[in-house]
1. Tell me the strands (runs of 3 or more DSSP E) entirely within the stretch 170-248 that contain at least 1 residues that are in contact with a Gly (Cβ under 8 Å, 6 or more places away or on another chain) and crowded, with 19+ Cβ neighbours inside 10 Å.
2. Does the stretch 155-163 include one or more residues that are free of Cβ contacts under 8 Å to residues at least 24 places away in the same chain and in a loop (DSSP other than H, G, I, E, B)?
3. Consider only pairs whose beta carbons are under 7 Å apart and that are at least six residues apart or on different chains; among these, list those whose first residue lies in the stretch 18-31 and is on the phi < 0 side of the Ramachandran plot and whose second residue is of a type in the set (Gly, Ala, Ser) and outside any helix (DSSP H, G or I).
4. Pairs needed: first member in the stretch 216-230, within 26 Å of residue 156 (Cβ to Cβ) and without any contact (Cβ under 8 Å) to a residue 40 or more places away in the chain; second member anywhere, outside any loop (DSSP other than H, G, I, E, B) and aromatic (Phe, Trp, Tyr); C-beta distance under 8 Å; at least 6 residues apart or different chains.
5. Out of the stretch 72-89, which residues are in contact with a helix residue (DSSP H, G or I) (Cβ under 8 Å, 6 or more places away or on another chain) and part of a helix (DSSP H, G or I)?
6. Output the qualifying pairs, or none if there are none: Cβ atoms under 7 angstrom, residues six or more apart or on different chains, first residue in the stretch 182-198 and farther than 16 Å from residue 213 by Cα and assigned by TED's automatic domain parsing to the domain that holds residue 136, second residue surrounded by fewer than 22 Cβ atoms within 10 Å (Cβ to Cβ) and among the basic types (Lys, Arg).
7. Answer yes or no: is there a residue in the stretch 196-212 that is of a type in the set (A, V, I, L, M, F, W, C), modelled with pLDDT under 90, touching a helix residue (DSSP H, G or I) at 6+ places or on another chain (Cβ under 7 Å) and within 30 Å of residue 45 (Cβ to Cβ).
8. Loosely packed, with under 14 Cβ neighbours inside 10 Å and either in contact with a Phe, Trp or Tyr (Cβ under 8 Å, 6 or more places away or on another chain) or at pLDDT 95 or above (or both): which single residue out of 161, 124 fits that description?
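The values are calculated or read from the model by the stated rules, or taken from the named source; none is laboratory data. Small disclaimer: the values here were computed from a predicted structure and weren't measured. Glycine gets a Cβ as well: all are built from the backbone with ideal geometry, and neighbour counts include every protein chain shown.
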Amino acid sequence: MFDLFKKDENKSPADVKEVRHSLLQFIKQELQKAEGGEGRNIKGINLFICSKNNEKHIYEAAVYLEEEGRFKNEVQKIADDYALNLPQNWVMNIDFPDEMPPEAIKITNLDAGMFIRTKDNTIQKNAAAYIRILSGEAVKQEYQITSTDGKINIGRERRAQVADGFFRLNHIAFPGDSTNENNKFISRQHAHIEWDNDSSCFMFFADEGGVPPGNKVKIRSATNEHLIKLNSVEMGHRLEEGDQIVLGESAVIEFSYKAEI
C-alpha cells in the first residue's frame, strides 16, 4: 500500500495531503463515469477505508474525520467544477470496516474503496434490528425496528407538537412527565432512523432538536473509537452492531441486530 507515494521501502507512508488528493481524484473519475457524468440520479457516495492500525490516523486526517461534512464539501467542489450536477440532498458516508465490502470499487494503491449509490435500485431488502434503552425511561425497554418501517422518529412524548404547530408521532418515545433525569434534555423532535436500501443498513439522523444549538446527538461507534457528533440534519450515521447513541445530556440507546436474551 502507498507504493504510489513511496520512493523506497524505508520511507514512511504518504502524507495526509497526498492521500486526500488521491481519494478526491478517484472519486472525481468515478463520478464522471457514473450516469454518464450526469449526477442527478446519484443518492450518495460510500467511502470505505481498511487501513492498518499504524496508518489509520493518516486516512482519518485525510477525510477530516473530526470535521463532519468537510470532506463532502471537498467532493461537492469537484462536482461543481466539473458540472456533475449532484442533487442537493446527496449523502457522503465514510466507514472504516475490517474488510472491504464486495460492492466497493478498490482505489489503486490505497487501502480504500468506494461505492456510488443511485436511485435505480428498487429491490427492497429485508432486515430487523433492536433499539435498547440503556439510560433514561422510554415507553418500552426494547424496540424492534425493520427495514419496512419507514422513518422511525425518536423524541420526547409519543405525540409531540413541534415548532411549526403540527404534531409528530415518536415511535421511540421518552415520556415528558417521567421523573428520570435523563429524559430532561431529549427534544420533541430529536432524531430518527431510516433504512438505506442501497447500502443495506440502518441510518441514524439528528433532527432539529438533536443538533446544535439544540440538545444534540453523540455516538460512540462500536467499530470506531472516535466520538461522533451529528451537527447536521442531512448527515446520517451508518449504524453498526453495538453502537451507543447519547440523546441530549445522558439518555443512552444502543443499536443491535440481536434481540436481548
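1. Counting at least 1 such residues, we get 172-174, 191-196, 201-206, 217-220, 244-247.
2. yes
3. From the stretch 18-31, the pairs are 23/112.
4. Qualifying pairs under 8 Å: 217/204; 219/204.
5. Across the stretch 72-89, the qualifying residues are 74, 75, 78, 79.
6. Cβ pairs passing all conditions: 192/151; 194/151; 197/125; 198/43; 198/117.
7. There is no residue in the stretch 196-212 that is of a type in the set (A, V, I, L, M, F, W, C), modelled with pLDDT under 90, touching a helix residue (DSSP H, G or I) at 6+ places or on another chain (Cβ under 7 Å) and within 30 Å of residue 45 (Cβ to Cβ).
8. Step by step, each of 161, 124 is checked, and only 161 is loosely packed, with under 14 Cβ neighbours inside 10 Å and either in contact with a Phe, Trp or Tyr (Cβ under 8 Å, 6 or more places away or on another chain) or at pLDDT 95 or above (or both).
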